[in-house]
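Take a look at the structure set out below.
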């Protein structure tokens, strides 16, 4: 794995905007093609193997949580537990997830698993692929994201209700909307009838006890780029368990176990000999170097890095009331002051590709940059 400095394409902004990628720059650049990461095929195969193995271990951890009634560790409300278990035993449709890896000196370490509402899907699946076609089309990428999404939606069609598949996210969130519309486009290419509704506009028909769209049509299948824990914070969540249609939510309710960082100590407890899993606990215990993470947080908020009992980096935010986990510190690789994290995608139960986010700090947050990659 090498970081190679290169020249951005002339008028790259126009090139990515033609793809529908409108959030390439905010107050700082998000898409950054002034460099790329180069991998050998053996390195890619190693990442692919780790992704497949960790996916299987995570499924085992979900079963362990249910078998031992460990929901209290996750801050999950009791009223939703029957739906979680029902969605698991009935194998409700699920399509994707993103492991975040540190990759250094040939070692791969799992930092966390974004299993419910992972973003950067469009950048990884489409934008970096078109960059490669302009940069050097003789090269390849670890990237079958687009093909696997279309193929798996086609497969899932048989497991959804014979009805429209709605797609939803928050209003006025260009990043979420872009990722949602990309996922919707893949579903349409997979042969599904779809519709877009913002989550703010989803209605509840009190008389019939069903969710409805803006046309008052029943919502029976819905892909959401909106976290389960947010849905459960208000009355919306109560409607989910009262819903007479038994709407299929993608991702399904059982994913709220894997998207919660409370799963990390359980993975360590179950699989301490796994080379990808870092020691993690619900208390700091005797660790002197660790990362303190809220079990529910986003974009690197409320994280603290402690080295030799000294806090060396910390972020603020609104998370933490549900509790924290403490994960052994594994220093990220450093490339000239840049710290990359590999986001490795699981789509349809299979490794599907990667995207790299890079930061100038140890904590990858909402000012990180997306850097393309290639196989050399």
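No value in this document is a laboratory result; all are computed from the given coordinates. Since the structure is predicted, the reported quantities are computational estimates derived from the model, not experimental observations. Every residue, glycine among them, receives a Cβ derived from its backbone with ideal geometry; neighbour counts consider all protein chains shown.
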Query raised in the report: Given Cα pairs under 8 Å that are at least 6 residues apart, what percent is the relative contact order of the chain?
Result: 24 percent
Requested in this report: Compute the relative contact order of the stretch 279-328 as a whole-number percentage, counting only Cα pairs closer than 8 Å that sit 6 or more residues apart in sequence.
Outcome: 48 percent
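Based on the mean of other beta carbon atoms within 10 Å per residue, what is the order of 347-358, 140-151, most packed first?
Working: 347-358: 22.4, 140-151: 20.2.
My ranking of the peptides, most packed first, is 347-358, 140-151.
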Report summary line: Burial-style ranking of 362-369, 63-70, average other-beta-carbon count within 10 Å with highest first, yields 362-369, 63-70
Query - Size of the stretch 279-328 as Cα extents on the principal axes (Å, biggest first) - result: 26, 21, 14
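For the stretch 227-376, what does the relative contact order come out to in percent, with C-alpha contacts under 8 Å and a separation of six or more? Display every interim value, and only then the final one.
Details: 227 pairs, mean separation 23.7, N = 150.
Once divided by the residue count of the stretch 227-376, the mean separation gives 16 percent.
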